[in-house]
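Asker: Here it is, the structure, as structure tokens.
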Amino acid sequence: MTTIRSIDPSTGVQLAAFEEDSEEFVESRLAAAAAAIPQLAELGWDGRAGLMRAAADLIESEIDELAAVITAEMGKPIAQSRAEVSKSAYGMRFYADNAEKFLAGRELDNPEAVSASAARTRFEPLGVVLAVMPWNYPIWQVVRFAAPALMAGNAGVLKHASNVPQSAVYIGELFTRAGFPHGAFSTLLIGSRRVEAVIRDPRIAAVTLTGSEGAGRAVGATAGDVLKKAVLELGGSDPFIVMPSAELDAAVATAVTARTSNNGQACINAKRFIVHEDVYDDFARLFAERMAALVIGNPADPATQIGPLATESGREDVEVLVEDAREKGATILTGGRRGDREDGWFYEPTVIADITTDMRLYEEEAFGPVASLYKVSSLEHALTVANDSPFGLGSAFWSNDAEEIARAEREIEAGAVFVNGMTISYAELPFGGIKRSGFGRELSMEGIREFCNIKTVWVA
């Protein structure tokens, strides 16, 4: 079996190592998950909600230790790791409080229209759901699936990213520690090559994946072949549009955060900054200055604003995109190289202007602190550039013109439009994309319903 390693991206030093799970162990986890389904049903809404709140209390009580693990494994600045843990606890409580309401179903007001004395819809769990999750939010990404799935009465098995095995083990044990039935949620320490067999297992009812476009294609193809429900949240190349009426200082400050949070490694990071020519020069100057001023260093140090990229290959991917743009005539306003530190996988916050359509950055997602800057002459031009992308996850639109805002809401091709702000995932709002950013939704009422059978009941 393969060894799964936890490597500190700040130093390249191994933190821990785990042997990949055997076939016999995987079988035992799948059997336990299937056996947990009737036990989850017996708990009822109140029982599951009580256990979910216990899980939230547990993760909150261990925030210091867990945040340190997140930062050590994937390089997120420690304050952001703590925020991730707190957000996860909030998400658990949100579904504990709202799941029953979200899945209440409805009675048809006029059953005589369908020749019935009564007619209703019911929401029932599908069964065991496989979650294939990424490393960039190693706890929150899992919780935003696990909390609604468990509250709906589904069981879950997790195949986490192989570079965050300590986080995977923690979250795989959390719900059992909180009192959920054995097997209701657990982790499989397996490589990506073994995911297909798990999806094909008849005990798996559905699959959800957050990750790369390539991984989404593979998982989606397998799920489609065996006719199982899938939710895919894939890459993004989110536009951040700034119009002349915007509050420029606020737009610049938010742009820096939107591009560099999580060290620039989030699918909903703003990546393409599309700025009207009337304010372009001022925006570009301030944006480059503030990106260059960010403190790069050890992510465990509270003063650090930018830590390392999570993997060495990830940094190489960013370097290739930047060098391709540089060689084809792009202008590097700041950054564009590895950090000064000799250890770890650091890359400087970067702003690139004069992007042309023949550059890979024009179409591909840069998963690191690299911002592409575009000058546009009108709202029409801005929307054209924004939509000229294979992705459609989030977006931000900065303007104080009501007509411009209304048009942006209608015409930006994305799963979300944030006006005078940055794209963020909230438990209260549905999250997901269109085009090559995937399909289906997480969070809110829409997310908990994804892995339910919407059953029609007709009474003569």
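Asker: Of the DSSP beta bridges with both residues in the chain, give the percent that are antiparallel, rounding to the nearest 5.
Answerer: In the chain, DSSP labels about 40 percent of beta bridges as antiparallel.
Asker: Using a Förster distance of 45 Å, how high is the FRET efficiency between Ile424 and Asn110, based on the Cβ-Cβ distance and rounded to 0.05?
Answerer: 0.65
Asker: How big is the Kirkwood radius of region 238-426, worked out from every pair of different alpha carbons and given in Å to one decimal?
Answerer: 16.5
Asker: Could I ask something else about it? Given Ser313, Pro148, Gly12, which one lies farthest toward the positive end of the charge dipole of the chain, if we put +1 on the Cβ of every Lys and Arg and -1 on the Cβ of every Asp and Glu?
Answerer: Pro148
Asker: Compute the label zone of Ala460 within region 106-137: residues whose backbone N is under 14 Å from the point 7 Å along Cα-to-Cβ.
Answerer: 115-118
Asker: Just to be sure I understand the model, the point goes 7 Å from the Cα along the line to the Cβ. What's the resulting Glu342 to Thr121 distance in nm?
Answerer: Here the modelled spin labels are 6.3 nm apart.
Asker: Taking the alpha-carbon distance from Lys375 and a cut-off under 16 Å, which lysines remain once sequence neighbours fewer than 8 residues away in the same chain are dropped?
Answerer: Within the straight-line limit of under 16 Å, Lys375 reaches these lysines: Lys271.
Asker: Between Asp354 and Arg200, 0.36 nm times their residue separation minus their Cα-Cα distance comes to what?
Answerer: 50.7 nm
Asker: When Leu232, Leu294 are ordered from fewest to most other Cβ atoms inside 10 Å of their Cβ, what list results?
Answerer: Leu294, Leu232
Asker: Let me ask something else. Loop-only GluC sites (Glu not before Pro) in region 266-374, please: DSSP not H, G, I, E or B, and at most 16 other Cβ atoms within 10 Å.
Answerer: Answer in residue order: Glu342, Glu363.
Asker: State the percent of C-alpha pairs, over all pairs in region 162-252, separated by a distance greater than 22 angstrom.
Answerer: Summing the P(r) of region 162-252 above 22 Å gives 49 percent of all pairs.
Asker: Sticking with this one: Over the Cα atoms of the chain, compute the convex hull volume and normalise it per residue, giving Å³.
Answerer: Measuring per residue, one finds 153 Å³ for the Cα hull of the chain.
Asker: What value, in deg cm²/dmol to 500, does the helix sum -39500 (n - 2.57) over DSSP H runs of n ≥ 4 give at 222 nm once divided by the residues of the chain?
Answerer: Here the helix-only value at 222 nm equals -13500 deg cm²/dmol.
Asker: Roughly what angle does helix 213-225 make with the longest principal axis of the chain, taking Cα atoms, 0 to 90 degrees, to the nearest 10?
Answerer: Approximately 30 degrees, to the nearest ten.
Asker: Counting other beta carbons within 10 Å of each residue's own, what order do Tyr95, Tyr90, Tyr280 fall into, fewest first?
Answerer: Tyr90, Tyr280, Tyr95
Asker: What ranking do His276, His182, His381 get, fewest neighbouring Cβ atoms within 10 angstrom at the top?
Answerer: His182, His381, His276
Asker: Note down the net charge around Arg259, summing +1 for each Lys or Arg and -1 for each Asp or Glu among other residues with Cβ under 13 Å from its Cβ.
Answerer: Residues near Arg259 contribute 0 overall.
Asker: Given contacts defined as C-alpha pairs under 8 Å and at least six residues apart, what's the relative contact order of the chain, whole-number percent?
Answerer: Here the relative contact order equals 19 percent.
Asker: Tell me, what is the percent relative contact order of region 153-235, built from C-alpha pairs under 8 Å that lie six or more residues apart?
Answerer: Once normalised by length, the contact order is 25 percent.
Asker: At a 10 angstrom cut-off on C-beta neighbours, averaged per residue, how do the peptides 299-306, 206-213, 223-230 rank from highest to lowest?
Answerer: Ranking, from highest mean packing down: 206-213, 299-306, 223-230.
Asker: Same structure again: At 0.36 nm per residue, and after removing the present C-alpha to C-alpha distance, how many nm does the segment from Lys229 to Thr257 gain when stretched out fully?
Answerer: Full extension of this stretch gives 6.6 nm more.
Asker: Compute, for the chain, the length of the dipole vector about the Cα centre, with Cβ point charges of +1 (Lys, Arg) and -1 (Asp, Glu) only. Units Debye, rounded to 20.
Answerer: For the chain, the charge dipole is close to 1140 debye.
Asker: Can you give the FRET efficiency for Glu403 and Ser22, using 1/(1 + (r/R0)^6), R0 = 51 Å, r = Cβ-Cβ distance, to the nearest 0.05?
Answerer: 0.25
Asker: Quote the relative contact order of region 238-426 in percent (integer), defining contacts as alpha-carbon pairs under 8 Å separated by 6+ residues.
Answerer: Relative CO of region 238-426 lands at 29 percent.
Asker: What is the calculated FRET efficiency for Thr3 to Ser313, with r their C-beta to C-beta distance and R₀ = 22 Å, to the nearest 0.05?
Answerer: FRET efficiency, Thr3 to Ser313: 0.80.
All of the numbers you see were taken from the coordinates with simple rules; none came from a lab. If you're wondering where the values come from, they're calculated on a predicted model, not measured in any experiment. In this analysis, Cβ positions are derived from the backbone assuming ideal geometry, glycine residues included, and neighbour counts consider all displayed protein chains.
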